[in-house]
Amino acid sequence: MKHFNSPQRVRSLLSMMMTSLGLVLLIELLNRRSISGLLEFLMTYPLVFFYNACLVALSFTLVFFTRRQKYTFYLVTGVWLSLAVINMVIRSFRMTPFTLDDTQFITNIPTIMPLYLSTTQILMVIGASVMFVLTLVVIFFRSTKQKRLFKYGFIHLGVIGGLVFTLPNLSSSIARFEETDGNLKNTYDEFGFAYSFVQSVISKGVKKPSDFDEELLLKRLKELKTDSSKAEEVNVIAIQLESFFDVNRIGLNLTSNPIPFFSSLKDHYTSGVLSVPTIGGGTANSEFEFLTSMDLSYFGTGEYPYKTVLRDQSLPSLVSYFNGLNYTTTAIHNHVANFYRRQVVYQYLGFNTFVSSETMQDLTTTPMGWAKDKHLIPYIQQALNSSSSKDFIFGVSVQGHGEYPHDPLDPSMIEYITPTDEHSFNNINYYLNQLNEMDQMIESLVTWVQSNDEPILLVLYGDHLPGIEFGLDSVQTYLSDYVILSNFEMEVSDEDLELPQLGAKALSMIHHPGTTMHALQQLDSSNTNLMEWVHYDWVMGNQVSMDELHQPSFLQLGLTQPRILEIQSTAEYMILTGEHFLPSYVIMIDGEVRPTTYISSNLIVFEGNEEVDKIIKFGLLSDNNEVLPLVQQAR
């Protein structure tokens with residue numbers, strides 16, 4: 001204790017803690033974007049605030065183990081401030097905070113940024129990033145090398161590390177993080193940015209329950225009673241609607257109803273309020289909960305299973321269940337195939353076909369550049385009509401996606417909220433106009449379903465609320481809506497649900513048992529222990545309780561495949577005549593992508609003078625010029 005009690009070491013430790021407390025004050029001001037929010041956090045959760053400072057201080061102990069200590073100090077400070085600024089910017093347009101998994105979207109930044117930031121703002125971001133890097137470079141070369149202070153470092157590491165590991169055992173307000181339900185907005189507000197972000201780094205997968213028992217799990221699952229004898233053989237279409245919800249229930253002073261058709265569906269068919277896992281973004285997590293009926297509250301903080309679990313393994317889902325019944329399974333999304341790596345994820349989920357925007361033609365877009373949802377309908381119709389079996393079709397819309405501009409409305413748009421002297425409401429009116437067009441798409445889809453001779457069950461639900469501040473409380477912020485209807489006689493059964501229960505609800509209405517997870521979702525809340533065990537077993541355990549997976553041998557991109565009828569060559573080019581060519585196709589020979597020119601659906605030209613007996617393959621040019629094989633072999 002002699003070294004620890006020396007005044008110099010005590011002053012050093014106190015200085016580091018004071019620096020960390022000051023830095024966390026700034027980080028939390030950026031996280032909450034208001035002084036009142038910061039003061040409320042300090043007064044309500046003082047120990048949590050101190051714990052955030054301890055985590056930041058722990059990162060500063062790195063200074064003592066390096067030779068350029070001044071540079072390391074500024075580097076650590078810069079990293080924390082950069083993360084805080086990124087979080088502030090992200091929360092400003094999507095409301096859901098920044099997590100580690102968001103860094104996996106870095107390759108999509110060139111296409112995402114123009115949708116949310118103006119050209120001036122993008123240039124400012126680039127300029128600030130360059131200045132940050134240059135500043136660190138200057139500090140690096142101006143800082144002198146010093147002797148590594150291992151004793152100081154280990155003392156600081158021991159004291160601060162001890163606080164980090166013991167405080168959760170002494171304070172219930174800190175330990176309560178283990179009880180968070182996956183609601184990221186509330187989590188970051190209650191536990192602070194540093195604590196929450198660190199948890200998003202170290203917390204992945206499903207934590208092993210303390211009382212987990214494989215033999216008991218299997219025994220209890222055998223007691224579940226499932227009956228498929230009355231299962232109806234019908235087509236199932238599910239549409240996840242981007243940022244769609246019933247705006248009539250949140251007290252907006254509307255001049256007219258922007259979603260009159262959806263409102264009428266709620267009055268006549270099975271419907272209810274739907275608790276969803278995210279807000280303003282995180283579409284893939286809503287997809288995951290619906291398709292698998294798994295609950296994200298069991299997963300790590302801010303985790304995207306599309307980016308973690310489903311990168312290298314399969315999970316039972318609605319897709320695998322219907323594959324086992326010899327249904328044709330199709331996913332349709334009017335956005336690029338490689339966003340959220342869906343071309344990989346959908347393979348693991350077991351889809352036969354994935355129709356993305358690259359395989360669609362004549363797409364029109366919103367003023368913000370998102371494809372309109374009306375373009376989903378012809379591909380849904382084609383998917384159903386082209387298969388000889390029953391179909392499960394899962395559509396993911398994109399039209400309602402943010403950002404929502406504050407600029408004056410286009411004259412053709414409807415003013416659903418009258419502006420006042422204080423507020424223009426342009427962003428809300430823009431959003432409501434997109435909802436109105438989505439409502440028209442829903443009406444066209446339902447009209448087609450109801451006139452179809454084949455039996456169809458249709459599930460419509462919103463993935464999350466938009467990244468717009470409506471002044472809702474922490475519960476309302478996560479409430480969307482759903483409707484289930486059919487073109488055959490079916491009892492109306494209104495019920496408010498959590499999103500993982502929606503697939504089970506739809507299956508029960510046509511008397512299908514679904515997977516083990518679907519069966520568990522239909523039980524009462526007293527079985528949460530069993531639910532947690534199954535989540536752990538499927539994701540981190542030995543998968544002894546996992547349903548049989550029915551996976552196709554490949555995933556096809558697009559409903560139709562190109563067909564070459566004739567090959568001609570010139571001195572510099574090869575000319576292909578055929579059918580079903582698309583502008584997004586590129587030619588690949590021996591794995592090499594050739595410069596390709598699309599002429600028409602029947603004619604493509606590419607550079608080269610190859611022997612006609614060489615194998616010519618088509619690739620799909622996706623976001624960031626990534627070329628995807630049209631047929632993705634099973635993994």
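The values are calculated or read from the model by the stated rules, or taken from the named source; none is laboratory data. Please read these numbers as outputs of a predicted model, since none were measured by experiment. Backbone-built Cβ (ideal geometry, glycine too); neighbour counts: all protein chains shown. For accessibility, only protein heavy atoms count, side chains too; no ligands or nucleic acids. Shrake-Rupley method; radii C 1.70, N 1.55, O 1.52, S 1.80 Å.
Projected onto their three principal axes, the Cα atoms of the range 124-185 cover extents of 45, 40, 11 Å, largest first. Mean separation of Cα pairs under 8 Å and 6 or more residues apart, divided by the residue count, gives the range 370-515 a relative contact order of 18 percent. Within the shell of other residues whose beta carbon sits under 11 angstrom from the beta carbon of SER264, the net charge comes to -2, with Lys and Arg scored +1 and Asp and Glu -1. Here the range 338-417 and the range 497-522 have alpha carbon centers that stand 25 Å from each other. The alpha carbons of the range 21-178 stretch over 49, 44, 28 Å along the principal axes, in descending order.
Of the solvent-accessible surface of the chain, computed with a 1.4 Å probe and all protein chains present, 54% belongs to carbon and sulfur.
Annotation: average projected area of the range 460-508 is 4.3 square nanometres, based on the convex hull of Cα atoms across all directions. The trypsin sites (Lys or Arg not before Pro) of the range 86-180 that meet both conditions, a loop assignment by DSSP and at most 16 other Cβ atoms within 10 Å of the site Cβ, are LYS145, LYS147, ARG148. Just so you know, the Cα atoms of the range 476-634 work out to an Rg and Dmax of 24.6, 74 Å. Residue-normalised convex hull volume from the C-alpha trace of the range 182-292: 206 Å³ per residue. Taking the C-alpha atoms only, the angle from helix 7-32 to the longest principal axis of the chain is near 30 degrees. Of the GluC sites (Glu not before Pro) found in the range 332-427, those in coil by DSSP whose Cβ has at most 13 other Cβ atoms within 10 Å are GLU422. Ranked by the mean number of other Cβ atoms within 10 Å per residue, highest first, peptides 451-463, 560-572, 362-374 order as 451-463, 362-374, 560-572. Percent of C-alpha pairs per 5 Å bin in the range 252-299, short distances first: 5, 15, 18, 15, 19, 16, 9, 3, 0. Highest mean first, the peptides 591-603, 18-30 sorted by other C-beta atoms within 10 Å per residue fall in the order 18-30, 591-603. Beta bridges from DSSP with both residues in the chain: antiparallel share about 60 percent, rounded to the nearest 5. Taking label positions 7 Å along the Cα-Cβ direction at both LEU81 and HIS511, the computed distance is 6.7 nm, reported to one decimal. Between ILE109 and THR570, the distance separating the two model label sites (each 7 Å from Cα on the Cα→Cβ line) works out to 4.2 nm.
With semi-axes defined as the square roots of five times the eigenvalues of the C-alpha gyration tensor, the equivalent ellipsoid of the range 388-458 measures 36, 13, 8 Å, largest first.
Dividing the radius of gyration of the alpha carbons in the range 322-450 by their Kirkwood radius gives 1.07 for Rg/Rh. Spherically averaged projected area of the convex hull of Cα atoms, the range 345-415: 6.7 nm².
Averaging the sequence gap over all C-alpha pairs within less than 8 Å and six or more residues apart, then dividing by the number of residues, gives the range 168-310 a relative contact order of 44 percent.
Pairs exceeding 18 Å between alpha-carbon atoms, taken from LYS225/LYS505; LYS230/LYS266; LYS266/LYS505; LYS204/LYS307: LYS230/LYS266.
Here the range 11-93 yields Rg over Rh of 1.01, to two decimals, using C-alpha coordinates and the Kirkwood radius.
The calculated FRET efficiency for GLN561 paired with SER172, based on their beta-carbon distance and R0 = 56 Å, is about 0.40. Among the chymotrypsin sites (Phe, Trp or Tyr not before Pro) within the range 522-570, not one is in coil by DSSP while having at most 10 neighbouring Cβ atoms inside 10 Å. Available extension along the chain between MET413 and GLU40 is 130.3 nm, counting 0.36 nm per residue and deducting the alpha carbon span. What the Cβ-Cβ distance of LEU123 and GLU626 gives, at R0 = 22 Å and to the nearest 0.05, is a FRET efficiency of 0.25.
Taking a ≥ b ≥ c as the square roots of the eigenvalues of the Cα gyration tensor, the range 398-554 is classed as prolate, since a/c reaches at least 1.5 and a/b is larger than b/c. In the neighborhood of GLN501, defined by Cβ-to-Cβ distances under 11 Å, what is the net charge if each Lys or Arg adds +1 and each Asp or Glu adds -1? Local net charge: -4. In summary, the convex hull built on the alpha carbon positions of the range 254-353 has an orientation-averaged projected area of 8.8 nm². Entry for the chain at q = 0.05, 0.10, 0.11 Å⁻¹: log10 I(q)/I(0) = -0.27, -1.02, -1.19, Debye formula applied to identical alpha-carbon scatterers, no solvent contribution. Taking a straight line from the alpha carbon of LYS151, these lysines sit under 30 Å away, with near neighbours fewer than eight places off in the same chain left out: LYS2, LYS70. If R0 equals 41 Å, the separation of the Cβ atoms of ILE589 and GLN146 corresponds to a calculated FRET efficiency of about 0.10. With both labels modelled 7 Å from their Cα along Cα-to-Cβ, the GLU495 to LYS208 distance reads 3.5 nm.
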